Amino acid sequence: MPFPIIPEAKEKVTKICIKYLEAEEIAITGSENVSDNAIYTAQKIILTITSKRPEIRRELSDFTCILVARGENVASYLDLDENDPNYNHGCTLYPDKNNEFPGYLASVVEWENQPDMGVFLHELAHAIMYAIRQLSPNFYSALEQSYNTSIASKTWDRNPRSSQNVEEYWAEGVRMWYYIGEFESREAFKEYDQGLTSLIDDWLSADEIPKTY
Ligand SMILES: [Zn+2]
């Protein structure tokens, strides 16, 4: 889930992250418990999905992705409430350039004890939405319009989270664009929601990305 900007968090990323890699301007980090493969896979995901519009990476310069190993806690990396179930799996803090806050995401890299980048992709999509909003002033209103049309005309039974709000609609949309999951195919997803998928297609690559590592 996204979280309001809190510049103080800049000072509060307290855990020592010893692994570090960059995807151009974006940093990827994690403790010694995170597998190297997860870090390389995160890099590949970032570079692939932004390959169509590399300017997204520039908008996220110094943004840091923290990969969270099994037994570690997402909220504690970002100094959020460790008892808040909203932060069980992942969280994104949007950049705030005016306050020199580069933005962070923290995300688990497993699902049901198996290597899985689904949560990472969801959180990355939140950060990318921030970047696109800087690049295209009309983007958010187009997304909002698509969201309103979509929830008025569809049940979203297959993924209720998509109908929660505009941010989740986008982030889950990006995840399903690449990892399908709730749909039989990308074509089926396009048919279900043309508005959302055409916005995704405008900005993000149609290439496949790894789901596991
Ligand atoms: Zn979210």
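The values are calculated or read from the model by the stated rules, or taken from the named source; none is laboratory data. Since the structure is predicted, the reported quantities are computational estimates derived from the model, not experimental observations. Because the Cβ atoms are built from the backbone with ideal geometry, glycine has one as well, and the counts that use them run over all protein chains shown.
Numbers for the structure displayed
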quantity: Helices (runs of 4 or more DSSP H) wholly inside region 78-179 containing at least 1 residues that are modelled with pLDDT of 95 or more and closer than 19 Å to Leu47 by Cβ; calculated: 118-135, 166-179
quantity: Only one of Tyr213, Tyr169, Tyr179, Tyr192 that is over 28 Å from Ala38 (Cα atoms) and not acidic (Asp, Glu); calculated: Tyr192
quantity: Pairs, first among the aliphatic types (A, V, I, L, M) in region 110-132, second within 16 Å of the ligand (Cβ to nearest atom) and part of a helix (DSSP H, G or I), C-beta under 6 Å, six or more apart; calculated: Leu121/Arg175; Ala125/Ala171; Ala125/Val174; Met129/Trp170
quantity: Total residues in region 133-162, condition touching an Asp or Glu at 6+ places or on another chain (Cβ under 8 Å), more than 15 Å from the ligand (Cβ to nearest atom) and free of Cβ contacts under 8 Å to residues at least 40 places away in the same chain; calculated: 2
quantity: Given (1) surrounded by 15 or more Cβ atoms within 10 Å (Cβ to Cβ); (2) of a type in the set (D, E, K, R); (3) under 17 Å from the mean Cα position of the chain (by Cα), number of the condition Glu208 does not satisfy; calculated: (1)
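Let's see how each residue does on (1) away from the ligand (no atom under 16 Å from the Cβ); (2) farther than 23 Å from Ser61 by Cβ; (3) among the hydrophobic types (A, V, I, L, M, F, W, C); (4) assigned by TED's automatic domain parsing to the domain that holds Arg57:
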position: Ala125; (1), (2), (3), (4): no, no, yes, yes
position: Gln164; (1), (2), (3), (4): no, yes, no, no
position: Glu167; (1), (2), (3), (4): no, no, no, no
position: Glu184; (1), (2), (3), (4): yes, yes, no, no
